[in-house]
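The values are calculated or read from the model by the stated rules, or taken from the named source; none is laboratory data. The structure displayed is predicted, hence computed values, not measured ones. Cβ: placed from backbone, ideal geometry, glycine included. Neighbour counts: every protein chain shown. When the accessible area is computed, the model is the full protein with side chains, heavy atoms only, and any ligands, DNA or RNA have been set aside. Shrake-Rupley method; radii C 1.70, N 1.55, O 1.52, S 1.80 Å.
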Amino acid sequence: PPSFFSSSDAICNFVICNDSSLRSQPIIFNPDFFVEKLRHEKPEVFTELVVSNITRLIDLPGAELAQLMGEEDPKLPGGNGLASGFLRSLMSLKRKEKGVVFGSPLTEEGIAQVSQLIEYLHKHLRAEGLFRVPGNSIRQQILKDALNSGTDIDLDSGEFHSNDVATLLKMFLGELPEPLLTHKHFHAHLKIADLTLFDEKGNKTSTPDKERQIEALQLLFLILPAPNRSLLKLLLDLLYQTAKKQDKNKMSAHNLALMFAPHILWPRNVTANDLQENITKLNNGVTFMIKHSQKLFKAPAYIRECARLHYLGSRAHASKDDLDLLTSPSSKELQPLKSQKRSRLDTCHQEETQQRTEEALKELFRHVHNMPDSAKKKKLIRQFNKHPTVLTPGSDVRTPPVQRRTRSRSFSGLIKRKVLGTPVIMERKSRDVTPEPERASKENIHLLQKCGSPAHMSPGKMKFLEGQKEGSCRRVRARLLSKESSSL
């Protein structure tokens, strides 16, 4: 039988199947393959790429951007009144009893247990008042203890009601140490809710800009922790399917958002009074996520292309497995054409990237030299002098990158050569220049063509040629003397 292995940390999923009837099915390639590969192999590069595009869409001041990047602790709203402080203390007391699943930080084990609840609810979406009507507290406690202990549960046995399971799912989310969308992302979600369209004069309107909101959420979800992103996808898909059955269960996307916004987006230990005017934004934001959940977990096209070029833009990063995944077995005859086209694209991309890099390096080197004398400047100069000088990138232009690997270069040497010149290249070019052969006279060429090479001439023939040459010289001298005498 087929066996399926999946993990939220896995780059892609594999299906191992011995059933001959399924072998002919086409292999579906994950369009976000290189995005996931970049996220797992180079998280810093990936985060910088995503965050730079988030700040292009929404305005995040320095403090909020630092919070999003995890460089500062999130500054969250909170009331100072006695009532709100009392309620927050009650909430924190409720979370003190931590179990293996409930009340603990989100883990793969916890997601595996809770996914049983989600799978069960998918079968009971028609229950009226689902997620609004509370279940039986005794049955919920039995189910909670079973999930915490890791005991196998048969939810289809009829012992539990759908309202019990739905309420327990909300309880699990509410007891997490931080909301599913994390405290770091709180201010970014408020800014996304403010994205609106502009009129013809460039003034903001009250109409939400749905395209930009979707794009911003796609980017923001990309930098969520892997367990949070996995569970969020399962949850939003469940709520999307529930809203599609609202004619039966009476639960629209907005009604579901009212139930779940406090658990997945509101900061912990806050009340409605703490959030005040932001409550409407937060509830509408969750409503928007539910309605467009089928689009939010796909990386934007430009992020896919950047990730692809990061690995396939140079041959040094491309592997045979990566290239094989991009080609189908039925198109082997097109491989030479595809490889040539990819080579041209990669070369153009490298040249463009190299030009931008060289300009930045020049500016950096000038900046270092213009710095006032200090210990930091001396340290940088010493660091530059440590590395040997190597050839500049320009010397490799004649050889396409697909024919040989790119030579490693030192950072400091690259800066020095671009600003101070390239004497090494000039010297190398002067050595490589092939000396131009001496120009043979027309008479010698004619004689060689007529008589052949000297090695194949007979002694008599060579003497004859020498005589011819001496005779021609005497005739030239005689003509010159006659011209001089006539001029006199």
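Remarks
- Residue satisfying all of: in segment 63-100; modelled with pLDDT under 85 and aliphatic (A, V, I, L, M); surrounded by the most Cβ atoms within 10 Å (Cβ to Cβ) among these: LEU87
- Selected residue (only one of LEU337, LEU312, LEU275, LEU325 is at pLDDT below 90, open to solvent by 80 Å² or more (accessible area, probe 1.4 Å) and in contact with a Phe, Trp or Tyr (Cβ under 9 Å, 6 or more places away or on another chain)): LEU325
- Residue within segment 168-176 that is assigned by the TED database to the domain that holds LEU282 and aromatic (Phe, Trp, Tyr) present: no
- Matching residues, segment 160-183, being more than 37 Å from the chain's Cα centre (by Cα) and part of a loop (DSSP other than H, G, I, E, B): PHE160, HIS161
- The listed residues are LYS298, LYS281, LYS248, and the only one of them that is more than 24 Å from ARG56 (Cα to Cα) and either touching a residue at least 40 places away in the same chain (Cβ under 8 Å) or within 30 Å of the chain's Cα centre (by Cα) (or both) turns out to be LYS248.
- Test: residue in segment 105-128 that is open to solvent by 20 Å² or more (accessible area, probe 1.4 Å), in a loop (DSSP other than H, G, I, E, B), at pLDDT 85 or above and of a type in the set (Ser, Thr, Tyr): yes
- Being within 24 Å of MET251 (Cα to Cα) and either at pLDDT 50 or above or open to solvent by less than 80 Å² (accessible area, probe 1.4 Å) (or both) holds for only one residue in ASN284, ASN269, and it is ASN284.
- Considering each residue of segment 184-197 in turn, none proves to be outside any loop (DSSP other than H, G, I, E, B), without any contact (Cβ under 8 Å) to a residue 60 or more places away in the chain and crowded, with 18+ Cβ neighbours inside 10 Å.
- Residue in segment 225-238 that is polar (S, T, N, Q) and closer than 21 Å to THR107 by Cα present: yes
- Selection within segment 258-283 - touching a Leu at 6+ places or on another chain (Cβ under 8 Å) and among the hydrophobic types (A, V, I, L, M, F, W, C): PHE260, ALA261, ILE264, LEU265, TRP266, VAL270, LEU275, LEU282
- For segment 144-162, filtering for residues that are out of contact with any Gly (no Cβ under 9 Å at 6 or more places or on another chain) and surrounded by 12 or more Cβ atoms within 10 Å (Cβ to Cβ) leaves 5.
- ILE223 being open to solvent by less than 30 Å² (accessible area, probe 1.4 Å), among the β-branched types (Val, Ile, Thr) and either over 25 Å from the mean Cα position of the chain (by Cα) or not assigned by the TED database to the domain that holds ALA166 (or both): no
- Summed over segment 251-278, residues that are among the polar types (S, T, N, Q), in contact (Cβ under 8 Å) with a residue 40 or more places away in the chain and within 23 Å of PRO134 (Cα to Cα) total 3.
- Checking each residue in segment 133-159 for being in a loop (DSSP other than H, G, I, E, B) and over 24 Å from THR107 (Cβ atoms) picks out VAL133, PRO134, GLY135, ASN136, GLY158, GLU159.
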